[in-house]
Each structure stands twice: as C-alpha cells, then as structure tokens.
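What follows is one structure encoded as structure tokens, with my remarks underneath.
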Amino acid sequence: MPELPQIAVRLPQELDPSRAIELAVAAEAGSFSALWFAENPFHRGILPVVTACALKTERIGLGIGIVNCYQHHPTLIAMEFAALDELAPGRTVLGIGSGVGARIERLGFAYRPLASVADTIHIVCTLLRGEELTYRGRVFSVDLVALHFGPPRPDMPIYLASMGDRSLALCGRVADGLIISNMCPLGYSERAIDLVQNSSAASGRPPLAIVQYVPCAIRPDREEARHLAMDAISGMLMAFWPVGDDWPALRQEIVRHSGISKAEVVGALDRLRRGEPADRVLDGRYVDAFAIAGTAEDCLAQLSQFRDAGIGEVALSFAGDQPASDMAYLAGTLRAGPSSE
C-alpha cells in the first residue's frame, strides 16, 4: 500500500446535529484521524455540534476549520475552545479565519481579513497561556483581559485557513498549521505549502502541519463514484466562483493549476447555473483536479499523491447519500491492506 497522509472526515455544516453525531461515531469506528467542522455565517452554529460529537466519541481528533473572528470575538474563541479542550482533553485543533467577506460585510463590519486574523491569533494565544493582556490592534483590542480559569493546554495548535499569498505568509509566521480549502488542485496546494513553509523558516519557526479539504466519492463502481464527484464539484463551483469572467486573481490561480482553461470553466459555470446536469457539463478533468473519486483502492492511490505534495492530513467530504457506508468501505480497505490481485 502506498504511503498515505492521515485520513480525516469533514462534516458539512448542513448536517443536523443528530446526523453529525451518527457520522462522528462511524468515523471513530473506522479509525479516521479526525473530524473537521466548518462554520460559515447564517447556517448552523458549530460549537453545539462539536460538543455533542466530543461527548459521543473518545479518541478521534476534533478539528475546527474554521471559526471566524468577526462573529466570535477573539476573547470568546479563547473562552469557548479552552472549555472544549477540558471536555475532550488533547483532541481539539483550533482553526481560525476571517470568514467569507461578502457575508461578514452584511453584518456591518468593515472586512479586513489579514489584520483581523493577526489580532485574533495574538489575543487567543496570550489568553490560552493564562496571561493577562492589554492590546491595541487594527481590528480587535482588549484592555486588561484574562481567562478566569486555567486553560488546560496553553499550546493548543492553531491553524489558519489561508489562500492568498499575503495570508499564506502570515500563516507561516504565526500559526501551527495551514488549512487548504476545497476546490484546490494539487499544483495550487504545492505552491501554497511552499509559501507557508518558507515564511515559517524565515521566521525561525518549525514547519507547519498541513491539512487539505477534498470532496470524495468512493464506491465499488468507479463510474458511479465519478458521477457523484461531478455533482459535488458542480455545487462547489456554483457556490464559490463568480458569475461571468471577472474573477479575483486567486480564483484564476486555482483554475490555472487545474489544467482546464478559464474560458471552459466560465462556460461550464454558465451552463450549470442554467440548470444543466453536472454529468453533461463537466468531464473527468474536473474530477481529477478537484476531487478524490473511484473505488477504495483508486482513492488510496490518489491520497498518496497528497502525501507526496507535503499534505499531512486530508479531510474528506463524502459525497452522496450514504457517507457512513462509504466511510466503512474505505476503512475496510485500509485495514485489509494491499489488494491480492
């Protein structure tokens, strides 16, 4: 069997808490490394689900990827996640980000992603060390604040969700790990990892841990899996990519690494938004660039490429209507070892 990264499970925010708990238990039974949870404005809050999953599991890691610092003030992040660390000792990895800019601005904030994250990291880390802090930041400030209980883990690992070059450089200077979002081809990820690790080394810090989110479709029938992946990719493209061809530079950089031309992606997006089915619009290049898909052994071979790229953990978002069964299928293949064929 090829050398693999750690394999985690990403639970979507759309899940109701009861279903999330079921999948958390299934992931622990399958010996997956962690559960990763994401929070975006206006959907279910993350902390009740994470807490419930912490209570229903014993060993699996709990990756928070991410909470945004506008809806969760830095002092609140320190309060909540130090308490969660008491509930699930040593299992929590805290992911911080600035959130989705368009949604944050709807809350009345002036969106300043880099400054907000830099302030948040400084405040949270100081409070988790049990220290009192007065700080004047560009976005967040505090005056003589300290936690009124002893945080159990002053060195709780903190990851940043970073994509642009300046954000990646900041991540290398201040964080313990990088979260690479869905819909990032491996070529883009390798470039991002180089930027982060070079920034970390220039700051005299050790290499950062790297986790990447990837949509996954895994079935014994390879073609069924790849069609499921197309459906997942089409939804993410429509959610994350702008209408028309006036794209931010970051989206252009991501597509440049996909092997698909910008003109083709613009045309595909237009057709998808007009209601054409994904399997008529997309082709195998989209699956190869943006997902892990196929049989369990196909998926393990693809996962080994992430390890080769410097990614230590891949958090899989299982597509389709039977994620628990698909997790068990992948876990069973891992336990069985190499195919005898």
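The values are calculated or read from the model by the stated rules, or taken from the named source; none is laboratory data. Keep in mind that what you see is a predicted model, and the values were worked out from it rather than measured. Cβ placement follows ideal geometry from the backbone for every residue including glycine, while neighbour counts extend to all protein chains displayed.
From A217, A209, grab the single residue that is small (G, A, S) and over 12 Å from A291 (Cβ atoms).
Of the residues listed, the single one that is small (G, A, S) and over 12 Å from A291 (Cβ atoms) is A209.
Being under 30 Å from L87 (Cα atoms) and surrounded by fewer than 22 Cβ atoms within 10 Å (Cβ to Cβ) is the requirement here; does P154 meet it?
Taking the combined requirement at face value, the residue satisfies it.
Does G45 qualify as being farther than 23 Å from D143 by Cβ, among the small types (G, A, S), in the same structural domain as V314 (by TED's automatic domain parsing) and surrounded by 22 or more Cβ atoms within 10 Å (Cβ to Cβ)?
Considered against the rule, which asks whether it is farther than 23 Å from D143 by Cβ, among the small types (G, A, S), in the same structural domain as V314 (by TED's automatic domain parsing) and surrounded by 22 or more Cβ atoms within 10 Å (Cβ to Cβ), G45 comes out as no.
Which of the residues spanning the stretch 285-299 are part of a helix (DSSP H, G or I) and within 16 Å of C216 (Cβ to Cβ)?
Across the stretch 285-299, the qualifying residues are Y286, V287, D288, A289, F290, A296, E297, D298, C299.
From the set of residues in the stretch 275-298 that are over 22 Å from I254 (Cβ atoms) and in contact (Cβ under 8 Å) with a residue 60 or more places away in the chain, which is surrounded by the fewest Cβ atoms within 10 Å (Cβ to Cβ)?
The qualifying residue surrounded by the fewest Cβ atoms within 10 Å (Cβ to Cβ) is D298.
For the list (1) charged (D, E, K, R); (2) in contact with a His (Cβ under 9 Å, 6 or more places away or on another chain); (3) farther than 30 Å from D288 by Cα, I need the number of the one condition that E190 fails.
Of the numbered conditions (1) charged (D, E, K, R); (2) in contact with a His (Cβ under 9 Å, 6 or more places away or on another chain); (3) farther than 30 Å from D288 by Cα, the odd one out for E190 is (3).
Do the conditions hold for D279, that is, is it of a type in the set (D, E), within 17 Å of Y188 (Cβ to Cβ), in a helix (DSSP H, G or I) and not assigned by TED's automatic domain parsing to the domain that holds G101? Please lay out each step first, then the result.
Values: of a type in the set (D, E): yes; within 17 Å of Y188 (Cβ to Cβ): no; in a helix (DSSP H, G or I): yes; not assigned by TED's automatic domain parsing to the domain that holds G101: yes.
Taking the combined requirement at face value, the residue does not satisfy it.
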